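Structure record follows, encoded as structure tokens.
The values are calculated or read from the model by the stated rules, or taken from the named source; none is laboratory data. This is a predicted model, so every value here is computed, not measured. All Cβ positions, even for glycine, are placed from backbone atoms using ideal geometry, and neighbour counts span all protein chains on display.
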Amino acid sequence: MTRRILMLMGGIATLLLVVASPVGHLDHHLLTAHMAQHLTLMLVTAPLILMGSRPAALPQPPLAICWFVGSLTVIFWHVPAIFQLALESHFWHGLEQTSFVIAGILFWRPVIGSSGWPAPIYLFLATLPCDALSAFLVFCGHAVYRPYLSGPTGMFGLSPLGDQALAGALMWVAVTFAYLIPALVLTARLVSGGRGYSKQAEA
């Protein structure tokens, strides 16, 4: 009970850090800060809130829908025109942040408490659209989001293109660790459990 409350409080604390602290306002000046917000909401806030609640008591949505919603949310909000709309409108910015939390909760629902093979495969496949977006931001060679071209130049020693490459690299690394490490842990448990069952059968 205490552990669950701490997780829920941690999720709320990271949410407030992203949306209500002075750190949260950096997203209008640096794409890297904006990317860090998105990643925090989906990879930290959402699973903590989910684990702090009672996921076992919630209905289990279809696996494909959870994957599609999580992946589509990330891609949708990084379309340049929609990205710019969220930067220029408080309403759309709030909707963007809310959607990342909701999509994150839905995305992690099939993983938390899972004990079967679908979960590690699901996590591995979830890295693919994020990796594609990350690679595009890192290697495309031009600034994708125009609002950052007119912002403060050289902030933290970053050019707009350097800021974009750093944002892409941050997403690449964060998603790889957040998705693949749980996938490997789940796989190791499944493999070791299968070996244990085989040894019992042989005995």
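Values for this structure:
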item	result
The stretch 110-153, subset assigned to a helix (DSSP H, G or I), of a type outside the set (A, V, I, L, M, F, W, C) and over 12 Å from Leu31 (Cα atoms), residue farthest from the chain's Cα centre (by Cα)	Pro118
Top-ranked residue of the stretch 44-76 - restricted to ones that are among the aliphatic types (A, V, I, L, M) and surrounded by 21 or more Cβ atoms within 10 Å (Cβ to Cβ), ranked as farthest from Arg109 (Cα to Cα)	Val74
Pick from the stretch 78-100, criterion modelled with pLDDT under 95 and aromatic (Phe, Trp, Tyr), ranking: nearest to Leu137 (Cα to Cα)	Phe83
Test: Leu6 is surrounded by fewer than 18 Cβ atoms within 10 Å (Cβ to Cβ), touching a residue at least 40 places away in the same chain (Cβ under 8 Å), over 21 Å from Cys130 (Cβ atoms) and not acidic (Asp, Glu)	yes
Flag if Leu186 is of a type outside the set (Phe, Trp, Tyr), crowded, with 19+ Cβ neighbours inside 10 Å, touching a Pro at 6+ places or on another chain (Cβ under 9 Å) and at pLDDT 90 or above	no
Given (1) within 30 Å of Val69 (Cβ to Cβ); (2) out of contact with any Leu (no Cβ under 7 Å at 6 or more places or on another chain); (3) among the aromatic types (Phe, Trp, Tyr); (4) at pLDDT below 90, index of the condition Trp172 fails	(4)
Selection from the stretch 40-54 of residues that are more than 14 Å from Val19 (Cβ to Cβ) and assigned to a helix (DSSP H, G or I)	Leu43, Pro47, Leu48, Leu50, Met51, Gly52
Selected residue (only one of Val79, Val18 is surrounded by fewer than 16 Cβ atoms within 10 Å (Cβ to Cβ) and of a type in the set (Val, Ile, Thr))	Val79
All positions within the stretch 63-109 that are of a type in the set (S, T, N, Q), closer than 19 Å to Tyr148 by Cβ and assigned to a helix (DSSP H, G or I)	Gln84, Gln97
Any pair with Cβ under 9 angstrom, 6 or more apart, that starts in the stretch 169-193 at a residue that is free of Cβ contacts under 8 Å to residues at least 12 places away in the same chain and ends at one that is crowded, with 16+ Cβ neighbours inside 10 Å and hydroxyl-bearing (Ser, Thr, Tyr)	Val173/Ser134
